[in-house]
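Enquirer: Please see the structure below; I have some questions.
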Amino acid sequence: MNVLLVFAHPDGRSLNAALRDVTVETLKAEGHAVRVSDLYAQGWKSEVDRADFPSLPLDARLKVPSASHDGYAAGALTADVLAEQEKLLWADAVILQFPLWWFHMPAILKGWVDRVFAYGLAYGVGEHSDRRWGDRYGEGTFRGKRAMLVVTAGGWAEHYSARGVNVPIEDLLFPTHHGMLFYAGFEVLPPFVAYQADRLTEEGFEKVAGQLRTRMRSLFATPPIAYRRQNGGDYAIPKLRAAAGAGAAGRPGLCAARRARSRAGPPRRTGPRPARRLRPGRRLRLRASGPARRSGRARRLRTAPRPRAPGRPRCARPAAGRRPAGSPASRCGGRRWRRRS
């Protein structure tokens, strides 16, 4: 298989560079052909500007989507962009490796996507009608190819967990996974993330490198993330909202884009809830209606009196006002009562 590794880190002696070498070595040992695009070493131009479209007339406005479409269709884009597009078409799997800077990829890698994912190659492909909305989100030019992220982060794994302060790493990478790669047709694999990158010891590096080798050996066997396909019946066209029978009801935002996994377990309870059983002497607070509800009052029911232990005095609430002088008193249950004679 052919694998393209797009690498974005400025230091050749960094942890990222060491992990890149582990990736390349492992993939080649597995018999795969590997090509590396080292963006900093190549001096990659990250910004999109007029120089990217040599065939655009000088007096014409720069409308990037249309200029990208015309340039790609005519093969008139710049040589560096054409070279990267050829690598994409050659590859069976694409790996994007980068450090997580401000919760996103470095600008140079974002610029690689902006310039290389041209109109007609990565988007704007296929039929647009009342039955289909183009070939995207699981379809398109890169359908059948795999994509994966290799990321380093300075924070702890707990910081990027379900209840972590940085939010789950899957949510942070969603724009890249779903909005860049899956949109263009790739089958997106779960990411490989190395945490506490600035505090990694030699022993820690060996552990991380071993985990990365395992992921690379299973690159073409790992199940992809189960995103919903746009034209697979999960979305109603042309509004592109999750269809009623797609199982996404009540799952807003990022969760609605993924297919729910079936979980084995006891069936959910249906029908009325069983009556609540109270211990003797407990009070049940009922929801009031009408004037009682508006005033904040609620009716209370009391179950049968709790059995009294032998020899224990019977207690009752004192009457309103102060306790009559000379009446015996005791503490019962943390409150002050008067004892019945």
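FYI, it's all coordinate maths here, none of it is from the lab. Keep in mind it's a predicted model, so treat the numbers as computed, not measured. Glycine gets a Cβ as well: all are built from the backbone with ideal geometry, and neighbour counts include every protein chain shown.
Enquirer: Please rank D38, D130, fewest neighbouring Cβ atoms within 10 Å first, as an exposure proxy.
Expert: Listed from fewest to most nearby Cβ atoms, that is D130, D38.
Enquirer: Contact order normalised by length for the range 2-243, with contacts defined as Cα pairs under 8 Å and 6 or more residues apart; what percent is it?
Expert: About 21 percent, as a whole number.
Enquirer: Report the gain in length on full extension from E30 to R143: 0.36 nm times residue separation, minus Cα-Cα distance, nm rounded to one decimal.
Expert: On the way: separation 113, 0.36 × 113 = 40.68 nm, distance 2.35 nm.
The E30-R143 span can extend by a further 38.3 nm.
Enquirer: Here is a follow-up. Would you mind checking which residues have amide H under 5 Å from K145's amide H? H placed 1.01 Å from N; only 5 or more apart, or other chain.
Expert: E187
Enquirer: Run the simple label-point estimate for L62 and D114 please: 7 Å along Cα→C-beta, distance reported in nm.
Expert: It works out to 1.0 nm between the two label points.
Enquirer: Putting +1 on Lys and Arg Cβ atoms and -1 on Asp and Glu Cβ atoms, find which of Y137, H9, M105 reaches farthest to the positive end of the dipole of the range 2-243.
Expert: Positive-most Cα among the choices belongs to Y137.
Enquirer: Want the number for T222 to R199: 0.36 nm per residue separation, take away the alpha-carbon distance, what's left?
Expert: Here the answer is 5.4 nm.
Enquirer: If neighbour count is taken as other Cβ atoms inside 10 Å, put K28, K110 in order from fewest to most.
Expert: By the 10 Å Cβ count, ascending, the order reads K28, K110.
Enquirer: Same structure again: Just report the Cα centroid separation between the range 80-118 and the range 126-159, whole Å.
Expert: Comparing the Cα centres of the range 80-118 and the range 126-159, I get a distance of 13 Å.
Enquirer: Please report the antiparallel percentage of DSSP beta bridges with both residues in the range 2-243, rounded to the nearest 5.
Expert: Values: 4 of 28 bridges.
Looking only at bridges with both residues in the range 2-243, the antiparallel portion is about 15 percent.
Enquirer: What nm value, rounded to one decimal, do you get for the distance between A51 and D92 when each label is placed 7 Å out toward the C-beta?
Expert: With each label point 7 Å from Cα toward Cβ, the separation is 3.8 nm.
Enquirer: Check the straight Cα-Cα distances from K207 and name the aspartates and glutamates below 16 Å, setting aside those fewer than 8 residues away within the same chain.
Expert: Cross-link targets: D21, D198.
Enquirer: Let me ask something additional. Going through the range 64-137, which GluC sites (Glu not before Pro) have at most 11 other Cβ atoms within 10 Å and a DSSP loop state?
Expert: E127
Enquirer: Under the rule of at least 5 residues apart or a separate chain, name every residue whose amide H is placed under 5 Å from the amide H of T152.
Expert: F98, L100, A194
Enquirer: Check which residues have an amide H placed less than 5 Å from D38's amide H, if you skip close sequence neighbours.
Expert: Long-range HN contacts for D38: F7.
Enquirer: Also, I was wondering about something else. Counting other beta carbons within 10 Å of each Cβ, put R143, R13, R215 in order, fewest first.
Expert: Going from least to most buried by this count: R13, R143, R215.
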